[in-house]
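The values are calculated or read from the model by the stated rules, or taken from the named source; none is laboratory data. These numbers were taken from a predicted model, which means no experiment stands behind them. Cβ atoms come from the backbone with ideal geometry, glycine included; neighbour counts cover every protein chain shown.
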Amino acid sequence: MNFIIYDLEATCWRGRPPHGVNEVIEIGAYKVNQLGEVLDVF
């Protein structure tokens with residue numbers, strides 16, 4: 001069995017963000033096995 005661990009980075013604002021605006025600016029991911037060994041990265 002393998003697992004995908006991912007991280008999303010998004011735009012940020014001080015205070016309240018504009019309505020309906022949320023933009024993902026970066027995605028990172030690791031594919032690991034049951035032992036935690038890294039099989040692939042994206």
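Key figures for this structure:
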{"item": "Residues being part of a strand (DSSP E or B) and closer than 11 Å to PHE3 by Cβ - total across region 13-37", "result": "5"}
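Results for (1) exposed (fewer than 10 other Cβ atoms within 10 Å of the Cβ); (2) modelled with pLDDT under 95, shown as yes or no for each residue.
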{"site": "PHE3", "(1), (2)": "no, no"}
{"site": "ARG16", "(1), (2)": "yes, yes"}
{"site": "GLY20", "(1), (2)": "yes, yes"}
{"site": "GLU23", "(1), (2)": "yes, yes"}
{"site": "GLU26", "(1), (2)": "yes, yes"}
{"site": "ALA29", "(1), (2)": "no, no"}
{"site": "VAL32", "(1), (2)": "no, no"}
{"site": "LEU35", "(1), (2)": "yes, no"}
